[in-house]
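Participant: The structure is given below, and queries will be raised subsequently.
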Amino acid sequence: MEYAIIRSREQALPYVDRLLASKVMAVDLETTGLDPHRDRIRLIQLAVPDSPVMIFDCYSFLPFGAELMKTVLESPSVKVLHNAKFDMQFLFPLGIELPKVFDTMLTAQLLRSSGGPARAGLGAVAAHYLGETLDKTEQNGNWAASELRKEQFEYAAKDAEVLVRLREEMLPLIYQNRLERIAKIEFDCAKAIAKLEYNGIYLDSARWQELCAEAEKSQAQALEQLRTYAGQSFYQLTLWGDEIALNAANFDSNPFVLSLLKRNGINVPSTDRRHLSVYAAHPLVQALSEYRKSTKALSAFLHPIPSFINPATGRLHPKYGQIGASSGRMSCGNPNIQQIPREPAFRRCFCAPPGKKLIIADYSQIELRVAACISKDRRMMQAYRNGEDLHALTASLLSGVQAGAVTKAQRQAAKAVNFGLIFGMGAAGLAAYAQQSYGVQMTLEEAEQFRNGFFRAYPGIARWHRQIRELSPTEERSLTDRKFVFRKNAGLSGLCNTPVQGSAADIAKAALGELNGRLNGTGIKLIAIVHDEILLEADEADAAAAAALLQSTMERTGERILQDIPCAAEVKIADDWSGK
C-alpha cells in the first residue's frame, strides 16, 4: 500500500489541493495514550480515493502545521472515522471540529439488526464487509517513541485506507435498510458525545468524602445491629482487641440471610426487596436494608469514583457507549454517572465550579408521549395537546373524581399505573412495580381494578397491545426508523418497551446533536447526559440564555419526531445537580 510520511508544512502543500477537492476523506489518529488531556497525537492519517495515504508525523508537523491541518479537516467533505468520538477529542486542543462525520463503528452497530457483525471493532467490521483481515499487532505498540518503525506506519496507513472502502460498502446498506435518518442522528450525536466526554463534570471532593464517611458510619451501625440478631457466638475478640469470626456470619450471602430471617420469624422465599417489603417495619429488615444500601453505595460509587478524577482537569470524564443497548439507549462507564442515586445527598456533590452554573433539563413524560404517538390513543394524544397532567388525568379516570381534586397519593399511584401498563404489565407485576418504584402499596385486587380501568380509559393503548399479541412481530422500528429484531418469545413487555425506549433515546440524541451545533462559540459546555436529562455548564451571566437555548432545542427536536404531540422539557438553573 502506498503512503507518504509528512513531517513539515512544506511537505504537505503538494497534497492539500487533492485533500480539499475530495468529497470523502478518511481520518484516523494514532495517539500516545487514551487520555486527550494528558496524551498526544502521534500520527494523523488522511486517506482519499485513488491517492496514497498521507501520514502526518505530529511530533514534527505540529504545532507549525496546525492551521493547515485545521483547514483540511474543517473542509466540507465527509470525514470517515471509526469510533469518531475518540479521535475528535484529541483534535479539540488543536481547535479543530469536524463538520460532517461518517462513523463506521456506529454504522456497523445500526446494521447489526440487518445482518451486520456482532462486534463493531474495526477488525470485525473490515472482515465482515470487505472480507479482509486487519493485522492489529501494532495497536499496542510504543506510539510515544521518537522514531516509529516501518510496521507502525504500514499499520497506521491501512487503518485509514480501509475506512474509505468501508463507507463505500456500508452507505448503500444504510439506504437499503431505511436507516439514513437514524444514521444522521447518531453521527451528529457522536460530535456532541465527544464534547461531553472531553468537557467532563466537576465533583466536589470534600462533599463526596463527607458522604462517604456518613455511609461508612451507617454501614457499621447496621452491621452491629445485624450481629445482635446473628448472635454474639459468631464473633470473638483477640487479646489485641481485634474481632475474628468463629462461624460464617456473612450478611452478603443470600442463604445465610434467608436462614437468619427465618430464625427471627420472617418466612420469605427470597431476600429481594419485593419480598422483604412486607416486613419493612421489622428492625432486622430495616438493619439489613440499611446495610445493603450503604454497602452498595460504598462499593459502587463512593469508594471508586474519586479514582476517576482526571489529574489534568480535576474533573470526571465518563465514557459513553452511544449505542449501549439494542434499543439505542446509551450506556456509561468510568464512572457510570447514569447510575448515580437520585438522592440529593449524592447529586449535590456534582456541582458548578465558582462563577459557573449548571443548567439541567429533562423531558417531561417522554416515554408516555412516545407511547401515545405509536399507539395513536386519542385520549392520551389530546391530553398532551391540551397541556394536561396525564398522571392527574389517569388518577381522575380511575377514581372518578375531577382532575383538580386528585390527591398527591392518587397521582402517585396513577404514575405507577401509567408507566407500568404502557409496557403490558400484569396485575401482580404492577403491584410490585408500584411499591418498589413509587412507594405505593397496592393489593392484587386493586392492581387488577387499576389495570382494567386504565385500558378502558385508553383504548388505543389496549388496541396497540392486542395487535402486538396477535402479530408477534419479529422486527420493529423506532419513530426515527431505528430497526429492532426481536428474539423468539420476547414477550409483550419487550415488544412494547423496545420501540418506546428506543424512540425516547433517539429524541434525546437528536436534541444533543442539534444542541452541540447551537452551542458552538458560546462558551457554554455540554457536560453530561442521563437518558432524557441533559446538563450544561455556563458562566453565571450566560445561565438564563443557556436555559432558554436548552429548553427550546429539546422541545423543538422532540416535536419534530413526535409530529402532532407537543414535547415539554423542564429546565432549572442550579449550583449543583440536586437543584433539579
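The values are calculated or read from the model by the stated rules, or taken from the named source; none is laboratory data. For clarity, every value in this text was computed on a predicted model and none was experimentally measured. As a convention, Cβ positions derive from the backbone with ideal geometry for all residues, glycine included, and neighbour counts pool all protein chains shown. Side chains are part of the model used for accessible areas, which takes the heavy atoms of the whole protein and leaves out ligands, DNA and RNA. Shrake-Rupley method; radii C 1.70, N 1.55, O 1.52, S 1.80 Å.
Participant: Can you pull out the residues in the stretch 1-36 that are without any contact (Cβ under 8 Å) to a residue 60 or more places away in the chain and of a type in the set (Ser, Thr, Tyr)?
Facilitator: Those that are without any contact (Cβ under 8 Å) to a residue 60 or more places away in the chain and of a type in the set (Ser, Thr, Tyr): Ser8, Tyr15, Ser22.
Participant: Additional query: Give me the pairs: first residue in the stretch 284-302 and free of Cβ contacts under 8 Å to residues at least 60 places away in the same chain, second residue in a helix (DSSP H, G or I) and hydroxyl-bearing (Ser, Thr, Tyr), beta-carbon distance under 6 Å, and six or more apart or on different chains, which are they?
Facilitator: The qualifying pairs are Leu284/Tyr229; Val285/Tyr279.
Participant: Determine which member of the set Ala206, Ala183 is farther than 29 Å from Phe301 by Cβ and assigned to a helix (DSSP H, G or I).
Facilitator: Exactly one residue qualifies, and that residue is Ala183.
Participant: When the residues of the stretch 37-88 are narrowed to those that are in a helix (DSSP H, G or I), touching a residue at least 40 places away in the same chain (Cβ under 8 Å) and in contact with a Leu (Cβ under 7 Å, 6 or more places away or on another chain), which ends up surrounded by the most Cβ atoms within 10 Å (Cβ to Cβ)?
Facilitator: The residue in question is Met88.
Participant: Could you please find all residues in the stretch 119-141 being under 23 Å from Ala183 (Cα atoms) and either among the charged types (D, E, K, R) or modelled with pLDDT under 95 (or both)?
Facilitator: Arg119
Participant: Does Ala4 count as among the small types (Gly, Ala, Ser), assigned to a strand (DSSP E or B) and within 24 Å of Leu171 (Cβ to Cβ)?
Facilitator: no
Participant: Separate question: Checking Gly523 against (1) free of Cβ contacts under 8 Å to residues at least 24 places away in the same chain; (2) touching a helix residue (DSSP H, G or I) at 6+ places or on another chain (Cβ under 9 Å); (3) among the small types (Gly, Ala, Ser); (4) farther than 19 Å from Ile573 by Cα: exactly one of these is not met. Which one?
Facilitator: Condition not satisfied by Gly523: (4).
Participant: State all residues of the stretch 254-274 that are of a type outside the set (S, T, N, Q) and either assigned to a loop (DSSP other than H, G, I, E, B) or surrounded by fewer than 16 Cβ atoms within 10 Å (Cβ to Cβ) (or both); if no residue qualifies, say none.
Facilitator: Passing the criteria: Pro255, Lys262, Arg263, Gly265, Ile266, Val268, Pro269, Asp272, Arg273, Arg274.
Participant: What are the residue pairs meeting all of these: first residue in the stretch 369-398, first residue farther than 24 Å from Arg477 by Cα, second residue among the basic types (Lys, Arg), Cβ atoms under 7 Å, and 6 or more apart or on different chains?
Facilitator: His391/Arg411; His391/Lys415; Ala392/Arg411; Ala395/Arg411
Participant: Those residues that are surrounded by 15 or more Cβ atoms within 10 Å (Cβ to Cβ) and of a type in the set (A, V, I, L, M), I need them from the stretch 131-151; list them, please.
Facilitator: Leu134, Leu148
Participant: Looking at the stretch 298-332, which of the residues that are among the small types (Gly, Ala, Ser) and within 20 Å of the chain's Cα centre (by Cα) is farthest from His82 (Cα to Cα)?
Facilitator: Restricting to residues being among the small types (Gly, Ala, Ser) and within 20 Å of the chain's Cα centre (by Cα), the top hit is Ala300.
Participant: Next question. Would you pick out the residues in the stretch 112-147 that are in contact with a Phe, Trp or Tyr (Cβ under 9 Å, 6 or more places away or on another chain) and part of a helix (DSSP H, G or I)?
Facilitator: Ser113, Thr137, Glu138, Gln139
Participant: Oh, and also: Quick one: Ser503 ticks every box in (1) outside any helix (DSSP H, G or I); (2) under 17 Å from the mean Cα position of the chain (by Cα) except a single one, so which number is it?
Facilitator: (1)
Participant: Ala510: at pLDDT 95 or above, over 18 Å from Arg329 (Cβ atoms) and crowded, with 21+ Cβ neighbours inside 10 Å, yes or no?
Facilitator: no
Participant: OK, next. Of all residues in the stretch 152-166, which are buried (at least 19 other Cβ atoms within 10 Å of the Cβ) and touching a residue at least 24 places away in the same chain (Cβ under 8 Å)?
Facilitator: Across the stretch 152-166, the qualifying residues are Gln152, Phe153, Ala156, Ala157, Lys158, Asp159, Ala160, Glu161, Val162, Leu163, Val164, Leu166.
Participant: Now for a separate question. Looking at Leu479, is it touching a residue at least 60 places away in the same chain (Cβ under 8 Å), assigned to a helix (DSSP H, G or I) and buried (at least 16 other Cβ atoms within 10 Å of the Cβ)?
Facilitator: No; evaluated as a whole, the condition is false for this residue.
Participant: Can I ask one more? Taking the stretch 521-545 on its own, how many of its residues are touching a Lys or Arg at 6+ places or on another chain (Cβ under 8 Å) and either assigned to a helix (DSSP H, G or I) or of a type in the set (A, V, I, L, M) (or both)?
Facilitator: 5
Participant: Another question, if that's okay. Exactly one of these conditions fails for Glu533: (1) in contact (Cβ under 8 Å) with a residue 40 or more places away in the chain; (2) farther than 30 Å from Arg379 by Cβ; (3) open to solvent by less than 60 Å² (accessible area, probe 1.4 Å). Give me its number.
Facilitator: Condition not satisfied by Glu533: (2).
Participant: Which residue, of Tyr155, Tyr175, is under 21 Å from Met54 (Cβ atoms), part of a helix (DSSP H, G or I) and modelled with pLDDT of 95 or more?
Facilitator: Just a single option satisfies the conditions, and that option is Tyr155.
Participant: Could you count how many residues in the stretch 99-118 are open to solvent by 20 Å² or more (accessible area, probe 1.4 Å) and either over 30 Å from Leu179 (Cα atoms) or of a type in the set (A, V, I, L, M) (or both)?
Facilitator: Qualifying residue count for the region: 2.
Participant: Taking only the stretch 292-324 into account, find how many residues are assigned to a helix (DSSP H, G or I), farther than 18 Å from Gln89 by Cβ and open to solvent by 20 Å² or more (accessible area, probe 1.4 Å).
Facilitator: The total comes to 9.
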